[in-house]
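Structure record follows, encoded as structure tokens.
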Amino acid sequence: MIENSIGDTLLRIHNSLRSQFHQLCRVAVAIYDQPSDTLKTFANSTDGESPLMFYEVKLADVPSLQQLARDGKPRVLDDLDILRRANTLHSRKIVEAGYHSSYTEPLIFDDQLVGFLFFDSDKPCYFNQRVIDKLQPYAKVLAAIVAVQFAAIRTLSGAVTVAREFSRHRDEETANHLRRMSTYSRLIAKTVAPGFGLGDEEVEFIFNFSQLHDIGKIAIADAILLKPGKLTPEEYREAQAHVARGVEMAQMMIKEFGLERIRHTDMLLNIIGCHHERYDGSGYPNGLKGEAIPIEGRIVAVADVFDALTSERPYKHAWAVNDAFAYLLRNAGTQFDPVCVEAAFACAEEFKQIQARYRDEPFLPEEQSSS
Ligand SMILES: [Fe+2]
Ligand SMILES: [Fe+2]
């Protein structure tokens with residue numbers, strides 16, 4: 001059985017609360033990523049349109065929430081009008097959406113901050129003690145659900161990272177390639193999200209899982225992966241097998257770590273399994289065509305090729321960004337999903353910033369010395 005996503009859980013909780021609390025208009029979860037000190041919108045159940053999606057902010061830039069995380073205590077704001085002059089976008093959006101009071105609970109599991117749970121009402125002073133007493137148990141349950149889902153995914157990513165570290169010297173792809181291509185993937189996913197019914201949750205998983213697209217390369221012989229010249233047809237077939245090997249490895253790990261019940265592991269398998277499919281059906285391993293290729297596969301294919309083109313490899317110079325975009329455009333509809341290419345193009349400025357932020361050169365000596 002597949003477990004419900006956090007979004008589905010929120011929806012169910014909100015629905016059951018609504019019968020008692022008519023003016024509870026919104027329940028939302030933001031997740032916290034400790035290494036980057038980032039808080040990201042993740043799931044919400046909102047009457048009407050959500051005022052805040054695909055949003056992230058450094059926790060250090062929101063001292064009030066930082067304080068909640070430190071104290072582990074909830075916060076009630078009886079009149080959100082005080083946020084009107086706030087200098088953070090999220091505060092302004094919440095006020096502009098017509099919410100008047102809020103109740104925020106830090107989600108803490110095993111002494112670690114995993115995120116925040118927000119309840120909003122269109123009525124001022126809505127969250128009195130009686131209401132809070134009813135809401136608090138839900139916060140505990142949600143903290144556990146969020147923590148468990150992410151712990152499982154982190155375990156999986158951790159195992160893969162270790163495996164990658166061992167094999168890094170065999171692969172020309174650096175840790176920065178993974179950072180760049182996963183960030184490109186997230187940008188494309190965010191941009192195409194409305195058209196494909198993707199929410200924050202899916203975008204986050206695409207970001208996390210895209211880093212694992214080539215794990216199957218671990219199983220491919222050095223002589224092929226590192227061969228400086230052209231591969232023979234036989235060698236090329238063997239190199240292509242990294243997709244099937246990757247899917248097998250991911251399936252094994254999903255089983256090993258008991259992740260079968262976690263929603264979205266299918267996205268991981270699709271990303272690994274479909275990142276070399278081509279939109280016109282001429283890709284591998286299955287020659288899937290157009291919409292038959294899962295959207296996460298189509299997104300990652302664009303991000304991966306863009307980064308390969310703009311990176312230096314032993315056998316090629318790095319292409320200029322504009323040349324790489326021209327390549328994507330030329331091959332939209334044949335190699336790539338045109339919608340994903342268009343999305344990448346719309347984010348051209350961000351792509352350039354990512355490239356500058358995660359340049360290969362300054363990181364290489366340090367990273368190579370560890371391998
Ligand atoms: Fe690959
Ligand atoms: Fe790659």
Enter the accessible area of PHE196 (Å², nearest 10), with the probe set to 1.4 Å and all protein chains included. 70
How about segment 241-295: which GluC sites (Glu not before Pro) there lie in a loop by DSSP and see at most 14 other Cβ atoms within 10 Å? GLU260
For segment 101-112, Karplus-derived ³J(HN,Hα) couplings (6.51, -1.76, 1.60; θ = phi - 60°; whole Hz; x for glycine and proline) come out as 9, 8, 9, 10, 10, x, 8, 10, 9, 6, 6, 10
With an 8 Å cut-off on Cα pairs and a minimum separation of 6 or more residues, tell me the relative contact order of segment 6-148 in percent. 24
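With the Cα gyration tensor of segment 6-148 giving a ≥ b ≥ c as the square roots of its eigenvalues, does the rule (a/c under 1.5 for rounded; else a/b larger than b/c for prolate; else oblate) give rounded, prolate or oblate?
Because its axes are fairly even, with a/c under 1.5, segment 6-148 counts as rounded.
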Within the accessible area of segment 38-131 (1.4 Å probe), percent carbon and sulfur: 47
Which of rounded, prolate or oblate describes segment 171-369 when judged by the alpha-carbon gyration tensor and an a/c cut-off of 1.5? rounded
Cut-off under 5 Å, modelled amide H: who pairs with PHE336 long-range: TYR279
Given an 8 Å cut-off on Cα distances and at least 6 residues of separation, report the relative contact order of segment 171-369 as a percent. 25
The alpha-carbon center of segment 340-362 and that of segment 321-339 are separated, in whole Å, by 14
Would you kindly find the accessible area of LYS352, with a 1.4 Å probe and non-protein molecules such as ligands, DNA and RNA excluded, rounding to the nearest 10 Å²? 80
Nearest 10 degrees is fine. How inclined is helix 321-330 to the longest principal axis of the chain, computing both from alpha carbons? 80
Given unit charges at Cβ for Lys, Arg (+) and Asp, Glu (-), the dipole magnitude of segment 179-311 about its Cα centre in debye, nearest 20, is 220
Say each of GLU248 and ASP111 gets a label point 7 Å from the Cα, pointing the same way as Cα to Cβ; how far apart are those two points in nm? 4.2
Counting only residues 5 or more apart in sequence or on a different chain, those whose built amide H sits under 5 Å from that of CYS25 are ASP120, SER121, ASP122
Can you give the accessible area of HIS317, probe radius 1.4 Å, in Å² rounded to 10? 140
In nm, spacing of pseudo-spin labels at TYR284 and ALA223 (7 Å Cα→C-beta vector): 1.8
Note, ³J(HN,Hα) from phi for segment 189-194, Karplus 6.51, -1.76, 1.60, rounded to Hz, x at Gly and Pro: 4, 4, 5, 8, 3, x
Give the dimensionless ratio obtained when the Cα radius of gyration of the chain is divided by 2.2 N^0.38 Å. 1.07
With all protein chains present and a 1.4 Å probe, how do VAL247, VAL29 order by accessible area, largest first? VAL247, VAL29
Which order do ASP8, ASP323 take by accessible area at a 1.4 Å probe, largest first? ASP323, ASP8
Projecting each Cα onto the charge dipole of segment 171-369 (Lys/Arg +1, Asp/Glu -1 at the beta carbon, about the Cα centre), which of ASN286, ALA219, VAL300 comes out farthest on the positive side? ASN286
As a test of reading the structure, rank HIS14, HIS90 by solvent-accessible area (1.4 Å probe, protein chains only), most first. HIS90, HIS14
What's the center-to-center distance, using Cα atoms, between segment 194-226 and segment 49-89 in Å? 32
Two-decimal ratio, segment 1-65, of alpha-carbon radius of gyration to 2.2 N^0.38 Å: 1.28
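The values are calculated or read from the model by the stated rules, or taken from the named source; none is laboratory data. Everything quoted here is computed from the prediction, not taken from an experiment. Glycine also receives a Cβ, built like all others from the backbone with ideal geometry; neighbour counts cover every protein chain displayed. Each accessible area value is taken on the protein alone, full model and side chains, heavy atoms only, with ligands, DNA and RNA left out. Shrake-Rupley method; radii C 1.70, N 1.55, O 1.52, S 1.80 Å.
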